[in-house]
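What follows is a short report on a single structure.
Bear in mind that the values in this text are calculations on the coordinates, not laboratory data. Note that the structure is a prediction, hence the values are computed from the model and not measured. Please note: Cβ atoms are built from the backbone with ideal geometry, for glycine as well, and neighbour counts cover all protein chains shown.
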Amino acid sequence: MSTFANWLEGARPRTWPAAVSPVLAASGVAWHYDAFDLTLALLCLLVAFALQVGVNFANDYSDGIRGTDADRVGPMRLVGSGAASPQTVKLAAFACFGVAALAGLAIVALSGHWWLLAVGVACILAAWYYTGGKRPYGYAGLGELFVFIFFGLVAVLGTVYVMLDRVPWAAVWVACAIGFLACAILVANNLRDLHGDIKAGKKTLATRLGDGGTRWFYIALLFAAVIAVVLAGTASNMRAAMPGLLFVVVVLPAMRRVREGATGKDLIAVLKATGIAELVCAIGLFVGYLVAA
């Protein structure tokens, strides 16, 4: 049990922001339009958290059996370190996907939008095939695109839709902001693991862009998130959206480290700061829309 607790602790910079931020930001938008539903929000949070933990287990399993975790800078991996058997980690991933599926069924039953079952299936397949299967898309440089889609657009817009029964433009821009920051977390992670991934033959977007290109991409994602928050304000209430920009204060030191060429373990702090920045953005949006309402 302590091994799994240590693993979860190491995964926290990615897990908590990616799970909590979309639902929190979406709840703020739903509140702004007088449609917030606590039960649906909690179920959406359970889906997001179970999928995020599940994809972490799935990545641990798939990377471990491929041997791509042999030279790793970041937190421990269960399979790669030999702390747990591949079968145990695989079962843990499927158990998380099962929890997400059950919570998703409850959302569908309460909201009446049965077509969302197809979205749920797509989410689980995307979580598994990120590094799983014969042709994982995470090894083809498509990880950031899928993170933007599923932990940005789908997570935020899906949460708003089940409460509001429609998707206003403010929700679209909020989803983009959260998606860009979620992508920045992954970019920081892959920049940290760049040299190990090159050795292992893992074709992430970072290995394709190279060191310099990845650093500029990380900075571009942060600027894109700023623009998206501003556009969310223009589409709804500027004073309500502006607290979301507080994430800039948190992420500025991380941006400076990336620009100055931090590598390896020095990027762990960047990864953590970017995760906190995503959460701060979501909290700012939620509180801003709450106060404005």
Once normalised by the length of the chain, the mean sequence separation of its alpha carbon contacts under 8 Å that are 6 or more apart gives a contact order in percent of 25
Expected unfolding gain across residue 252-residue 65 under the 0.36 nm per residue rule, minus the alpha-carbon gap, is 63.6 nm
Counting all Cα-Cα pairs in the chain, those more than 32 Å apart amount in percent to 22
Taking a crude spin-label model, label points 7 Å out from Cα along the C-beta direction, the residue 85 to residue 134 distance in nm is 2.7
As straight-line cross-link partners of residue 90, the qualifying lysines (C-alpha separation under 19 Å, not fewer than 8 residues apart within one chain) are 134
Zone reached by a paramagnetic label modelled 7 Å from residue 125 Cα along Cα→Cβ, restricted to region 146-169 with backbone N below 19 Å, covers 146-155, 158
Debye calc, one equal point scatterer per Cα of region 135-293, no solvent, log10 I(q)/I(0) at q = 0.11 1/Å comes to -0.44
Placing +1 on each Lys and Arg Cβ and -1 on each Asp and Glu Cβ in region 2-292, then taking the dipole about the Cα centre, the residue among 140, 241, 105 whose Cα reaches farthest towards the positive end is 140
If one compares the long axis through the Cα atoms of helix 247-259 with the longest principal axis of the Cα atoms of the chain, the angle in degrees, nearest 10, works out at 30
The helix 116-129 Cα axis meets the longest alpha-carbon principal axis of the chain at an angle in degrees, between 0 and 90 and rounded to 10, of 20
The longest stretch of the chain containing none of the trypsin sites (Lys or Arg not before Pro) that sit in a DSSP loop with at most 16 other Cβ atoms within 10 Å is 1-133
Summing -39500 (n - 2.57) over every DSSP H run of at least 4 in the chain, dividing by its residue total and rounding to the nearest 500, the 222 nm mean residue ellipticity is -25500 deg cm²/dmol
Most exposed first, judged by fewest Cβ atoms within 10 angstrom, 34, 266 run 34, 266
Computed over region 23-121, the distribution of all Cα-Cα distances in 10 Å bins, rounded to whole %, is 16, 35, 25, 18, 7, 0
Ordering 274-286, 135-147 by per-residue average of other C-beta atoms within 10 angstrom, highest first, gives 274-286, 135-147
Note on region 227-280: contact order normalised by length, alpha-carbon pairs under 8 Å, 6 or more apart, percent, works out to 34
Taking Cα atoms only, helix 86-111 is inclined relative to the longest principal axis of the chain by an angle, in degrees rounded to 10, of 10
Note: residue 114 to residue 263 extended length (0.36 nm per residue) minus current alpha-carbon separation gives 49.0 nm
